[in-house]
Amino acid sequence: MIRKPVDIGDPHRLYTVTGGRSRGEEAGLDLVTLIVSECRPTEGMQSEHVRILELCEHPTAVVEVAADLRLPITVVKILLGDLLAAGRITARNPRPSAAHGDAPESALLKEVLIGLRNL
């Protein structure tokens, strides 16, 4: 069995896709940020932007977009930043988990458990 090296894409293609940028307006995008299209693709758009708009008709995580496009996350974040700045997509960050102080009291949880056992 011959192992192939990890394909990170042709550097020339990645350079072209991002317009030579290595960083973009990411607006706090992380791997689980959900992306939703706000419009349909228009004629003359970059093919990767078109594909993102098609993929994100329903909420789609950044990591899923990168996997479908077969592009590195950093490149996808640059593309998403472009679309976000143009108002063509919206990004929905997941709600932060409840802080430890916001968790229910253990006494309340015990009462709930007792109530469930009594059913």
Between GLN46 and ARG70, how many nm apart are label points set 7 Å from Cα along the C-beta direction?
1.9
What number comes out for accessible area per residue over region 37-92 if the probe is 1.4 Å? Units Å², please.
51
Estimated FRET transfer efficiency when R0 is 41 angstrom, pair SER106-LEU31 (beta carbons, to 0.05)
0.80
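The values are calculated or read from the model by the stated rules, or taken from the named source; none is laboratory data. Computed from a predicted structure; not experimentally measured. No Cβ is skipped: glycine too gets one built from the backbone with ideal geometry, and neighbour counts run over all protein chains shown. Surface areas here come from the heavy atoms of the whole protein model, side chains and all, with no ligands, DNA or RNA. Shrake-Rupley method; radii C 1.70, N 1.55, O 1.52, S 1.80 Å.
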